[in-house]
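The structure appears below as structure tokens.
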Amino acid sequence: MKYYFLTGEPSGDLHASNCMKEIMQLDSKADFAFTGGDLMQELTGKKAAIHIKQMAFMGFIRVLQNIFTIKQNFKIVKQDILNYKPDLLVLVDYPGFNLRMAKWAHENGIKTDFYISPTVWAWKEGRVEIIKKYVNKLFVILPFEEAFYKKHNYKAYFVGHPLIDAIEQKKPTLKSKTGFIKDNGLNEKPIIAVLPGSRTQEIEYMLQIMMEVTKNFSGYQFVVGGSTNLPESYYDALKQYGIKVVFNQTYELMSYAEAGIIKSGTSTLESALFNLPEVVCYKSGALSIKIAKLLVDVKYISLPNLIMDKPVVKELIQNDFSVKSITEELEKLLNDKPYRQRILNDYTELTKQLGGQGASKRLAIELVKDATTKN
């Protein structure tokens, strides 16, 4: 069968490629076309219709600034899908783009499944109606999402969180701590991980403040997890602090660090799954934040807190994001043993709630069924 996967971010590239691997095991004649990244390209030996590097725009202002590019992306993807004629279109996350694509696909008679729910429980709840009208099946990865959609008279399917699979698959290939330190020219001081995000504006708003914190922890070495989606020049400012940047070694960094300064996003959950005590940070433009506050209705911004519905980890948002506040929280994470242990205990419960291993396989089984079943 022919499957078209559409995603626009690094996390989508990871989860889609893992699902595609499982589909290959179930469907010997599986063929793929996609928008995505390096992982999907390496797996299939094919080139993405559009690479995620040309698709990741964060924040209301950046979207407006790049509206022409986004419109061009729509045009390119629509034509690619029509040319490919998939048995099933699989939209992976990336809701601003993919919900519009779901409507278009429905109008063109293309069966469409959606993987990883838009955050309709946080804002724009009206998008539930778009999903109900245009999406064949919705597969969700957070345990509370099934109940949310049931409240709206729509059946969603909880398959578990794919990060558990991704991490377990990766663990056997990770460098040892000795190898990680040697290969990256690190010293023997305990490590504090810094993950400032994978988008240009995240680096611009947050990295400088994160680095100022290093002056308060001379007994530790700070190591930044760099993104290959950005030019290495974006990390040039780190040289004045003597900070090392590592690429494609985020899981090693999480494994061997004592604590982390983590930008809000998927990496907050990854850190939890690696038992890395963290302080979660987020800062954006003032206008984007004002708009978001009018639209978003959630108690927390980090995945560990959202899933557990309580403050598992400290969140420092906008004006609370400062050298002083990061320093104070890091001190607690590193030196307050009961506080640290409470976080680790919550991480254990969090992992249980996420459904265990096998999310990618459970999803693949359902997608293959849908691809082979006529409407």
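The values are calculated or read from the model by the stated rules, or taken from the named source; none is laboratory data. All figures in this text were calculated on a predicted structure; none of them were measured in a lab. Neighbour counts run over all protein chains shown; Cβ positions are idealised from the backbone, glycine included.
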So which pairs qualify, if the first residue must be in the stretch 82-101 and more than 15 Å from K124 (Cβ to Cβ), the second must be among the aromatic types (F, W, Y) and assigned to a helix (DSSP H, G or I), the Cβ gap must be under 9 Å, and the two must be at least 6 apart or on different chains?
-> L91/F97; M101/F74
Report whether or not N345 is assigned by TED's automatic domain parsing to the domain that holds F222, of a type outside the set (A, V, I, L, M) and closer than 22 Å to T266 by Cα.
-> yes
The stretch 218-243, residues that are out of contact with any Pro (no Cβ under 9 Å at 6 or more places or on another chain), outside any helix (DSSP H, G or I) and surrounded by fewer than 20 Cβ atoms within 10 Å (Cβ to Cβ) = S218, L230, P231, G242, I243
Out of the stretch 227-262, which residues are modelled with pLDDT under 90 and under 18 Å from the mean Cα position of the chain (by Cα)?
-> S227, T228, N229, L230
Flagged pairs (Cβ under 9 angstrom, 6 or more apart or on separate chains; first in the stretch 244-255, in contact (Cβ under 8 Å) with a residue 40 or more places away in the chain; second of a type in the set (F, W, Y) and in a helix (DSSP H, G or I)) are V246/F180; Q249/F180; E252/F180; L253/F180; S255/F180
Would the stretch 279-299 turn up any residue that is at pLDDT 90 or above, in contact with a helix residue (DSSP H, G or I) (Cβ under 7 Å, 6 or more places away or on another chain) and surrounded by fewer than 22 Cβ atoms within 10 Å (Cβ to Cβ)?
-> no
